[in-house]
Amino acid sequence: MATIFERWGSAKTALINPWNVIEEKPDFPEVCITTFSADMIDRLAESRDGKKIAELCSANGNLPVYEICYGGKRIAVFYPEWGPLPVRPV
């Protein structure tokens, strides 16, 4: 008996994708950096003139998602707390 993982093959998408539960945010940076250190994200956003582009919504409140520029590339940075959260445009 084959499992769903054995039938996966060379599909280009995941079993569960972000767009299955939330709407895509237009013009969102292609690269995103996250760490479980809110202080590190705040310092990075401040040192790179980060602009708030979205919020992660959770039971503990909303967490900012910043856009910074590094090496001419737009990069999103955020502190995720404990797992995937829905994104709300600002």
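Here are some notes:
- A count restricted to region 27-43 and to residues that are of a type outside the set (Ser, Thr, Tyr), closer than 17 Å to residue 81 by Cβ and either at pLDDT 90 or above or outside any loop (DSSP other than H, G, I, E, B) (or both) stands at 7.
- Residue in region 4-26 that is at pLDDT 90 or above and more than 22 Å from residue 81 (Cα to Cα) present: no
- Residue pairs meeting the criteria (Cβ under 9 Å; at least 6 apart or on separate chains; first loosely packed, with under 11 Cβ neighbours inside 10 Å, in region 23-47; second among the charged types (D, E, K, R) and part of a loop (DSSP other than H, G, I, E, B)): 36/81
The values are calculated or read from the model by the stated rules, or taken from the named source; none is laboratory data. Given the structure is predicted, the values throughout are model-derived calculations rather than measurements. Neighbour counts run over all protein chains shown; Cβ positions are idealised from the backbone, glycine included.
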